[in-house]
1. Evaluate the distance, in nm, between pseudo-label points positioned 7 Å from the Cα of A:SER392 and of A:HIS143 along their respective Cα→Cβ axes.
2. How much length is gained if the chain between B:LEU212 and B:THR21 is pulled fully straight, taking 0.36 nm per residue apart and subtracting their Cα-Cα distance, in nm to one decimal?
3. Evaluate the charge dipole of chain B about its Cα centre and quote only its size in Debye, nearest 20, assuming +1 on the Cβ of each Lys and Arg and -1 on the Cβ of each Asp and Glu.
4. Of all the stretches in chain B, which is the longest one without any exposed loop site, taking GluC sites (Glu not before Pro) in a DSSP loop (any state but H, G, I, E, B) with at most 13 other Cβ atoms within 10 Å?
5. Given a Förster distance of 45 Å, report the FRET efficiency between A:ALA104 and B:VAL153 from their Cβ-Cβ distance, rounded to the nearest 0.05.
6. Hey, any idea what Rg/Rh is for the stretch B:93-256, computing Rh the Kirkwood way over Cα pairs?
7. Let me spell out the model: positive unit charges on the Cβ of Lys and Arg, negative unit charges on the Cβ of Asp and Glu, origin at the Cα centre of the protein assembly as shown. What dipole size does that give, in debye rounded to 20?
8. Please compute the Kirkwood hydrodynamic radius of the stretch A:66-174 from all pairs of different C-alpha atoms, in Å with one decimal.
Amino acid sequence: MPRIDRLLAAASLCLALFASPLIGTTAHAKDALIVDLVSEPSSLDPQKQWNPDSYYVYRNIFDNMLTRDDDGKIVPQIATAWKYASDTEVVFTIRDDVKFHDGAPLTAEDVAFSVKRIIDPKFASPQLGQFNKITSAEVTGEHEVTLKTDGAYPVLLAQLVKLSVVPKHVVEKVGDDAFNLAPIGSGPYKFDKWQRGVSVTLARNDDYWADRGTFTIAEFRAVPDAATRVADLQSGAADLVVSLDSDLAAQLKGSSAAKPLIALTERVAYVKLNPTLPPFNDVRVRQAVAHAIDKQGLVDGILGGFDKPADQMATPSHFGYVEGITGSAYDPELAKKLIAEAGVSGTHLAFATSPTFDQRIVQAIAQMLTDVGLPVDLQLTDMATYLKHVQSDPDKQPMISFGRWSCACQDVDGVLFPLLHSSSSWSSLQNPDIDKLLDTARNTLDEKARLDAYKKVSEFIASDVPLVPLYQAAAIYGAANGLKWQPTANESMFLNRMSWAD
Amino acid sequence: MSAFFLKRTLQAIIAVMGVITLIFFLQRLSGDPTLLLVPQNATQADIDALRHSLGFDRPLVVQYLDFMRNLLSFDLGRSFVQNVDVTTLIWSRLPYTLMLAGGALVVAFGIGIPLGVLMAVRRDKPEVRPMMALVLACQSMPTFWSAILMILVFAVWLGWLPPSGAREPASLIMPSIALGMLSMATFARVSRTAVLDELEKDYVRTGHAKGLPMRRIVMRHLLRNASIPVVSVGALEIANLLAGAVITETVFAWPGLGQLTVQAINARDFLVVQGVVLLGSVTAIVLNLIADLLYSLIDPRIRVGGDTA
């Protein structure tokens, strides 16, 4: 069949021409690090989008006001020192030897500009809620910026860990859109190129003022399927991959080319009960739920043992974590008894959840509750609908819902206040005593007074059970065998803190 | 002919408008993306402020008219998640989608049609059985499974091909096969049936009687007659390849429109979804139009009928 042969030849030629825009292979050298993310960053302007895939990339391009070391302690970065002029005024000393990637020095003006930019409602940053307690930022000396807050704000420093400093002269000159496409920062890596949908490439900033990175180039790629990320790692096409589950981690443990890297994060999984709706208006039923859930079983049986059962809505990496809080022990018999006492045995529970969460966990909990006499009807909706449902008036909120919480600030104010204060849309609790404790802790700089208040709130959670804390979530990464890196609780990924083992 | 063309174009425009309107309202049935954008501890005031600045607090009708007005000036709007024009996003992904669809089409046409013809012409021979088995297998294997299996074998074990991404021309091979396999099976089946039908016809017997070799009968006379059903299935399959690459693109991290769509749907990036749907519906309609026109080129009988009607 000569004609078909010719057709085939022509077709393969067409294909070759089609494929020509694919760029040539870059040699997989040790001086390049290839990272597989789930999606591509939605934005590289650090003051716009805030999702993990954007965050992993742009935090290497920019320096922040402050940062956390690998142990989670807040340490200087662009601000070298800070002192409280009053409860509502903090004076920051700004480092004088930092240069942006275009060579211009980073000044106090840039710092003040960055703060004012993100707190400007017109700029509409999704991160506004993290910074809107700051009312003003003024340059008050050659290397000095003073921030004023609306009332005493103890979480200010923890929030400034996420405040990236952008160059005023560049942003004002090119505008927000162009800046987003070609960001200029002062961080350890410079933006090199963004091949949309494929990858973002960063190049090392050889003039960086602090620890320079090991890799001359870092490439972040979008690989949505977790099994493919693992295949990339095993075949050497990637050096570091994010967001694996425990099964894939187990697979990597048996691999000769790669290893799992696991860190407990500040994210806590919980079940929220709505005390305004029956049957959970009876404290015994709420306690029964807490007794019915086998946290250790969830962690060992489903999550591969990497996560850690939790008795409070905080982790040791949080300010406000209380030593010695014990939650309700796993005791299904006691749970049955409490349910029988309350006379609600057989009541169907409408359990709100979303595909974003691990459905194995949700289904296991549903089974545990069914076993003690509270049959569960799962209500699975997409994330946006779920969020709308759990953030409404208390009597319109779900009876019971699953969630995972991280304020990305490592301070329980960012967890307990939104979940329990009656003014918050997430809260279904209306308890003036708890409101008062949370208000006190939010509005004083006195650490001891704050800790005392949070201790009472955590004890209240353990006994009154508006929430059942389940476990501290682990973040599972996969890395090439030779990569040295310690992942941290705040799920950040700083390239200049990684290196190759010799 | 021109009246026919005009009528079809008008129908096409109405269909596209319908699709766009439907997708506009369907997407907004279950709320807006504001809640997905803010950090967990944002207050209601923060959420309201962001919703206002994104324009989602305006009445739906106002948002719709606004969108339609922009559409008339070919402005698809801006992704509020990525802060980039939707047109830019689509243009950046389109070459990859075309590449993948092209590759898959080569697999589907290049293997499917010869295989189908062969299976028909040698229908009684034993060598046809494994071919039938192959077609059946390709038709039955779900892409997400066959794709990950291919990655495991050819990238992880053998190390011959890159596992994912779009870094080098070899990256195109596995996704093309994974995506093309199903269409390949369809083409093989359709062309086999079509050729079998034609083999019974008088002109084939005449060919035999004249002493023409089988190869000449098939190549010169039969294929042209058998190609009508293949063309109509082809138009549908190409539209499918352009739109249905979501799973293949996800598994192979191929940066085409399918991945963009899934990402946009999950983030409720409405304008991006609308843009892709618009493109997809226009493509499907145009392809069908082309198929209609192709019939008349291939088969003069259709052309004659069309003109007199």
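Every number here is computed from the coordinates shown, using simple stated rules; none is lab data. Computed from a predicted structure; not experimentally measured. Backbone-built Cβ (ideal geometry, glycine too); neighbour counts: all protein chains shown.
1. Label-label distance for A:SER392 and A:HIS143, simple model: 5.5 nm.
2. Values: separation 191, 0.36 × 191 = 68.76 nm, distance 5.76 nm.
Result: 63.0 nm gained on full extension.
3. Numbers: 25 positive and 20 negative charges, 263 e Å.
Charge dipole, chain B, about its Cα centre: 1260 debye, nearest 20.
4. On the way: sites that count: B:GLU127, B:GLU200.
Free of exposed loop sites, the longest segment is B:1-126.
5. 0.30
6. Numbers: Rg = 18.1 Å, Rh = 17.0 Å.
Using Cα coordinates only, the ratio equals 1.06.
7. On the way: 72 positive and 83 negative charges, 741 e Å.
Dipole about the Cα centre, nearest 20: 3560 debye.
8. On the way: mean 1/r = 0.0701 Å⁻¹.
Mean inverse Cα-Cα distance, inverted, gives 14.3 Å.
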